[in-house]
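The values are calculated or read from the model by the stated rules, or taken from the named source; none is laboratory data. None of these values were measured; they are calculated from a predicted model. Here the Cβ positions follow ideal geometry from the backbone for every residue, glycine too, while neighbour counts run over all protein chains shown.
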Amino acid sequence: MSGNGESVNLAEPRIGVFVCHCGSNIAGYLDCVALTKYAAALPNVVYAKNNLYTCSESGIAEIKSAITNEKLTRVVVASCSPRTHMPLFKSACEEAGLNQYLFEMANIRDQCSWVHMQEREDAQLKAMDLIRMAVAKAGLLEPQEDIETSLVKKAMVLGAGVAGLSAATALADMGVGVILVERESEPGGLLKRVNRVGPSGEKSVDILAELIAKAKSDPNIDLRLETELTGVGGVVGKYEVTLKGKDGGETTETVGSIVVATGAVPLNAEGLCGYNGSTVITQIELEEQLRDGKFSAKNVVMIQCVGARSPERAYCSRICCLTAVKNSIYIKELNPEAQVHILYRDIQMYGTGNERLLWESRGKGVKFDIYDVARPPIVREGKVEFYQSVTGMTVDIPCDLVVLSTPLVAPADSPTIANYMRIPVDQNNFFLEAHAKLRPLDFATDGIFLAGTARFPATAPEAQAQGLGAASRANTILSKSKLQFSALVSKVTDKCDGCGYCVDQCPYNALSLEEYEQDGQKRKRNRSDNILCKGCGVCAATCPKGGIVVLGFTRKQLEAQVDAALML
């Protein structure tokens, strides 16, 4: 049906092409008017229009109007990234009465104007190729229906540090039931060991008190202490999580969404710079002394980047400089006569609030010196010896306490948890988000989200904000009455003979073999789980017989694009 209620023959392609200027992003390098004229002359194209911004309200209105007035059966938009804008254009097609799967995009911004700014003639030809290929495929598109499934309106938050507590309490306030799982005997995570939070100077115990009280008293939160995750199955909306309690017994719970907030741990400093736990300690141990009122040193030397930015751990832990500066200020407040010396490679004090702390510490008399990475400081009894590159001299700093700023590292069981949930970790075993800018709190696996230092070292305010963000992301799923998924997934055809080549290749574990009976004989064939499948196409590329295809990317459609690309 068309938008005006008249019957439309979908087998007869009537394609509308909309070329976007995208301000100067595209039109600054491509001739969009010429591209529109070119598109209008392509087979089955009955309407072509160029817009300043196709994603604007007026641009969307033009698409809807053309679907109705020109009786379009396919729509092609030549503009920017499908990743960000395809849902908007598909929605416009649906609102005008055209099945959303009869829409195709040509990315002439990211794949053309942006990457070929200095080769305008070739860029114009490439844009013509991309539009021609999109039109060729669009003519073979078929209507599809979204896949729907029910869900359980409950979440599991793994980890009860500041990020996990923030996520759990936020979800509870949204009316969502939460299973909050913590391996320790008390919630609070690493923040329990911290004295004050920078740059505000707020006591960590004050930040945690309200969150912990809420977690223990809210009827929507089921707090499971001394409990570990031992398995995850199922799919988004119906994850089956297995939990082992302190008594060794296991229980299985069904949840619709999962937030991973397992945190990070300070690096074990054994063997680094003479660490002994008494006169040479780490920043987290200094935090505990300051918190408990047991600090008494008069001459303190802090050494930055111990165990970090090295071949073993190439990353910067982000918060070490802030921690050292914050603690140096607090030491000077406790005893203005105390001498504090910070030896550093370079200072990482991002943000205006943190930068103010740095200048405050200098104003209170905290001394800073750069050390040479090739000649790191040497801790001796009662002093620290370091090479001062500015003067070219070796300097001795007397001290009764050395504090090592060591990085946060991922917990040892992060790869195990990642394996349970089929989520990735980076080379340092921190969990890896789906996209650093577009989906910073999501995993590629639907329904599982990420917060806090499980992702990477973060300050307490950052971890708290990420916990709130992860809760919001989780509730985008849990607030729905049912879940809808793209229809562009794998489909088993009658050519499948159950060879199983594709089963082991599937990165989402969406394929399995099932037995059936035919002519009195037991046979095997493939079975695809439409919820787990992400339409990546590995199975279709693996199958030598065409026994499995990906809807929206069939062999016929792809061949049409290839033929169009090779057309002279």
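If the condition is being under 28 Å from residue 257 (Cα atoms) and aromatic (Phe, Trp, Tyr), then region 481-503 contributes only 485. Annotation: of all residues in region 458-505 being part of a helix (DSSP H, G or I) and over 18 Å from residue 154 (Cα atoms), the one that is nearest to the chain's Cα centre (by Cα) is 466. When residue 365 is tested against (1) within 30 Å of residue 453 (Cα to Cα); (2) at pLDDT 95 or above; (3) in contact with a helix residue (DSSP H, G or I) (Cβ under 8 Å, 6 or more places away or on another chain), just one condition goes unmet, and that condition is (1). Of the residues examined, residue 227 is not one that is polar (S, T, N, Q), farther than 30 Å from residue 355 by Cβ and under 22 Å from the mean Cα position of the chain (by Cα).
Filtering region 498-517 to residues that are polar (S, T, N, Q) and either crowded, with 17+ Cβ neighbours inside 10 Å or at pLDDT 90 or above (or both) leaves 505, 512. Condition first: among the small types (Gly, Ala, Ser) and in a helix (DSSP H, G or I). Now tell me which residues in region 344-364 satisfy that. If the condition is that a residue be among the small types (Gly, Ala, Ser) and in a helix (DSSP H, G or I), then 353, 361, 363 are the ones that fit.
Do you know which residues across region 103-146 are among the hydrophobic types (A, V, I, L, M, F, W, C), within 12 Å of residue 561 (Cβ to Cβ) and assigned to a helix (DSSP H, G or I)? Residues satisfying the conditions are 130, 131, 133, 134, 135, 136, 138. Figure legend. Inter-residue proximity from region 266-283: first residues more than 22 Å from residue 294 (Cα to Cα), second residues assigned to a loop (DSSP other than H, G, I, E, B), beta-carbon distance below 6 Å, spacing 6+ or different chains. Indicated pairs: 267/307; 267/406; 267/407; 272/306; 272/307; 273/306. Any residue in region 21-42 that is among the β-branched types (Val, Ile, Thr), over 29 Å from the mean Cα position of the chain (by Cα) and under 25 Å from residue 113 (Cβ atoms)? Within region 21-42, one or more residues are among the β-branched types (Val, Ile, Thr), over 29 Å from the mean Cα position of the chain (by Cα) and under 25 Å from residue 113 (Cβ atoms). Considering only residues in region 413-450 that are assigned to a strand (DSSP E or B) and aromatic (Phe, Trp, Tyr), the one that is surrounded by the fewest Cβ atoms within 10 Å (Cβ to Cβ) turns out to be 431.
Scan region 69-87 residue by residue and report those that are over 17 Å from residue 21 (Cβ atoms) and either among the aliphatic types (A, V, I, L, M) or in a loop (DSSP other than H, G, I, E, B) (or both). Listed by number, the residues that qualify are 70, 71, 72, 73, 75, 86. Test residue 442 against the criterion of being farther than 20 Å from residue 269 by Cα and either outside the structural domain of residue 298 (by TED's automatic domain parsing) or of a type in the set (A, V, I, L, M, F, W, C) (or both), and give yes or no. Yes; evaluated as a whole, the condition is true for this residue. Scanning region 331-357 for residues that are touching a Phe, Trp or Tyr at 6+ places or on another chain (Cβ under 9 Å), within 16 Å of residue 319 (Cβ to Cβ) and crowded, with 19+ Cβ neighbours inside 10 Å returns 342, 344.
Condition check ((1) in contact with a helix residue (DSSP H, G or I) (Cβ under 6 Å, 6 or more places away or on another chain); (2) over 28 Å from residue 455 (Cβ atoms)) across all residues:
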position	(1), (2)
334	no, yes
339	no, yes
372	no, yes
402	no, yes
405	yes, no
415	no, no
427	no, no
432	no, no
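Candidates 344, 371: the one that is touching a residue at least 12 places away in the same chain (Cβ under 8 Å), at negative phi and out of contact with any Pro (no Cβ under 7 Å at 6 or more places or on another chain) is 344. Residue-level analysis places residue 224 outside the set of residues that are within 30 Å of residue 289 (Cα to Cα) and in contact with a helix residue (DSSP H, G or I) (Cβ under 7 Å, 6 or more places away or on another chain).
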